[in-house]
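Engineer: Questions regarding the structure given below will be posed in turn.
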Amino acid sequence: MHIGEFVARNARRRPAHPALVWQGERYSWSQLNERINRFAAVLLRLGAGPGVPIASLVDNCKELIELNFAAAKIGAIFVPIMPRSVGREIVHVINDVGARILVLHQDFSQAVTPVLGEMRTLDALIRIGSGDAEDLERLLHAAAADEPVGRLDPDQIGVIKYTSGTSGAPKGCARTHSQSALAALLYAAQVPHLESDRATISSPIAAGFALALINCMVLGGVTIHLLPKFEALDLLETIERERITLAYAITSTFNAFTRHPELDRFDLSSVRLFTGNSATQDTIQGLRRLREHPRFKGEFFNAYGSTEAGGYITYNFPENFEEALARPELAQRVESIGREGYACRVECLGDDMRAVPPGEVGEMAIRAPTVFSGYWNMPEASEAVFRDGWLMTGDLALRDEAGFLYLAGRKRDMIKTGGINVYPAEVEYVLAGHAKVGEVAVVGVVDERWGEKVVACVVPRAACTAQELLEHCVGNLAGHKRPKEIHFMDELPKNDTGKIVKNKLREVLQSGGHRNTGSPPGEKP
């Protein structure tokens, strides 16, 4: 089983049904499948085949979706590189994975050309948007549209997604063809996709989250409306114009979407399901804004997943949100990432690898058939994340008596001040509840007296002082959890997927490269 079979099936069953909409161009399933087959033929002619790595340096576009499925049809390994990567990072990925072919959009030629000679394993370059002899459209025109022949091994590696490298060199997360297909099947079994659905994708495909969702959509025969990037206004206009039924956003983009000043003027009545991930205080406020929207009648659900986990692992379904919003005693559940999904087991483990009691924080550990096969060419790093058959996520979490899970931050981000553990997520939640706070991140900074001190970095939504925020914390946090410093910033450092990069924040704070601040006099951890 591999994801390439999903497209061919749709082409047989509903050849004329719309499959993909990209910048005004509409492709049916038969047209999309034909382009994918031609792409596969081009790759085979250039030396690709089972087990051959094919890298891409391409922003969101139809060709990136086509490459994903073309590589699967011939058993090759798809290796998407984040488009904003610099030359050094691109060379590392190409050489580490041994990529034979690079699919390159002309927008990124400037980053690649100076280092092309350093890419030791590269045999061929396919260009998008160049118009020259290597241009993809020319190559597709000359290629056959027949289905690739030959039996593929579904247990061979099919995708290697490199991490963002926030803690050292990027690591390649390897996943088999069958794991990618199974992840889509498990997701669809819990979140039904209808052939009548119309979905948007605006997150970067190369980041992995959107790629997994695309596999699910193609499995369900959903029409995909692909956007070049996330722009709140563009997404709102697309939902209204195309009568979108499925909308997706990561936490930061969901918050931007629901805070858009023109949100209420758009017709969102077609949306039946809005999906987010890792609920925060802002996300909960955004959910309430959606529920109050005069023309939003759909539902919302939240989920947790990762590249290493192979997709979503836990789900907080719409009925859970409705119950939590209707019953004050269950209100906290809107902050939950839900309960474990089909074929998954999730535990919160202590340092002794035993499950901690409900209500206590432990490291979230996962067992699932979709869990990745390990880091490419990094056996020691792979061994470090697998213990006793568990994938150790590095995420801290707790489980309540009803089985709902709640994130408490990253294990490496936990702050130990005066010998006491402080979980940044709890402090961030309290600060985010202040009306004048736009974004917040809490980190531990070295302190001679206490080992570490709690420091909050805030992007204000309106003018405020550190003292206001500190007073807000007094009634909501124990003394050792309250920030010892608050630093106001214009923006927080983020990676290409929109996640806050806390190690960069620590570097900025340690170097003094920030604008201050407020520090409560005489506070003790």
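Engineer: If each Cα of segment 4-176 is one equal point scatterer, what is log10 of I(q)/I(0) from the Debye formula at q = 0.16, 0.19 Å⁻¹?
Structural biologist: Debye output, listed in q order: -0.95, -1.30.
Engineer: Test of understanding: what is the full-extension gain from ASN476 to ARG14, defined as 0.36 nm times their sequence separation minus their Cα-Cα distance?
Structural biologist: In short, 160.7 nm is gained.
Engineer: Using alpha-carbon pairs under 8 Å, 6+ residues apart, how would you state the relative contact order of segment 438-490 in percent?
Structural biologist: For segment 438-490, the relative contact order is 39 percent.
Engineer: Of the cross-linked pairs LYS229/LYS484; LYS229/LYS494; LYS229/LYS411, which ones have a Cα-Cα span greater than 27 Å in the structure shown?
Structural biologist: Distance filter (> 27 Å) returns LYS229/LYS484; LYS229/LYS411.
Engineer: Neighbouring Cβ atoms within 10 Å as the yardstick, rank LYS481, LYS494 fewest first.
Structural biologist: Ordered by Cβ neighbours within 10 Å, fewest first: LYS494, LYS481.
Engineer: For segment 452-469, what does the Karplus curve 6.51 cos²θ - 1.76 cosθ + 1.60, with θ = phi - 60°, yield as ³J(HN,Hα) per residue in whole Hz, taken in order and with x for Gly and Pro?
Structural biologist: 3J(HN,Hα) across segment 452-469, in whole Hz: 9, 10, 7, 10, 10, 10, 10, 9, x, 8, 8, 4, 7, 10, 4, 4, 4, 6.
Engineer: Which of GLU66, GLU89 comes first, and how do the rest follow, when ranked by fewest Cβ neighbours within 10 Å?
Structural biologist: Ascending Cβ contact count within 10 Å gives the list GLU89, GLU66.
Engineer: Aspartates and glutamates near LYS73 by alpha-carbon distance under 16 Å, same-chain residues fewer than 8 away left out - which ones?
Structural biologist: Those aspartates and glutamates meeting the cut-off are GLU5, GLU34, GLU63, ASP146, GLU147, ASP153, ASP155.
Engineer: What's the exposure ranking of CYS344, CYS457, CYS464, going from fewest to most Cβ atoms within 10 Å?
Structural biologist: CYS464, CYS344, CYS457
Engineer: Next up: Of all alpha-carbon pairs in the chain, indicate the percentage at a distance above 30 angstrom.
Structural biologist: Taking all Cα-Cα pairs of the chain, the fraction more than 30 Å apart is 51 percent.
Engineer: Report the calculated FRET efficiency for ARG288 and ALA343 (r = Cβ-Cβ distance, R0 = 35 Å), to the nearest 0.05.
Structural biologist: Efficiency computed from Cβ-Cβ geometry: 0.60.
Engineer: Can I ask one more? So what is the relative contact order for the chain, in percent, with contacts set as C-alpha pairs under 8 Å and at least six apart?
Structural biologist: Answer for the chain is 10 percent.
Engineer: Cβ under 15 Å from PRO15's Cβ, PRO15 left aside: what net charge do those residues give with Lys, Arg +1 and Asp, Glu -1?
Structural biologist: Spelling it out: positives minus negatives among the neighbours equals +3.
Engineer: Continuing with the same structure: Testing the spin-label approximation: label points 7 Å from Cα along Cα→Cβ at ARG461 and ALA142. State their distance in nm.
Structural biologist: 5.7
Engineer: Going highest first, how would you order 180-188, 472-480, 304-312 by mean Cβ packing within 10 Å?
Structural biologist: Ranked by mean Cβ neighbours within 10 Å, highest first: 304-312, 180-188, 472-480.
Engineer: In a solvent-free Debye calculation with one equal scatterer on each Cα, what is log10 I(q)/I(0) for segment 414-518 at q = 0.15 Å⁻¹, listed in the order of the q values?
Structural biologist: -0.56
Engineer: At q = 0.20 Å⁻¹, what log₁₀ I(q)/I(0) does segment 300-411 have when each alpha carbon counts as one equal point scatterer in the Debye sum?
Structural biologist: Results for segment 300-411 at q = 0.20 Å⁻¹ read -1.05.
Engineer: Distance between the C-alpha centers of segment 349-394 and segment 255-326? Whole Å please.
Structural biologist: That distance is 28 Å.
Engineer: Using helices alone, what [θ] at 222 nm do you get for the chain, with -39,500 (n - 2.57) per DSSP H run of 4 or more residues, divided over all residues and rounded to the nearest 500?
Structural biologist: After summing the helix terms and dividing by residue count, I get -9000 deg cm²/dmol.
Engineer: Which translational diffusion coefficient, to the nearest whole µm²/s, is obtained for segment 187-260 from the Stokes-Einstein equation, given a Kirkwood hydrodynamic radius over C-alpha pairs, 37 °C and 0.692 mPa s?
Structural biologist: 262
Computed from the coordinates by the stated procedures, all read-outs in this text should not be read as laboratory data. Every value quoted in this text rests on a predicted model; they were computed, and no experiment measured them. Note that each Cβ is placed from the backbone with ideal geometry, even for glycine, and that neighbours are counted across all protein chains shown.
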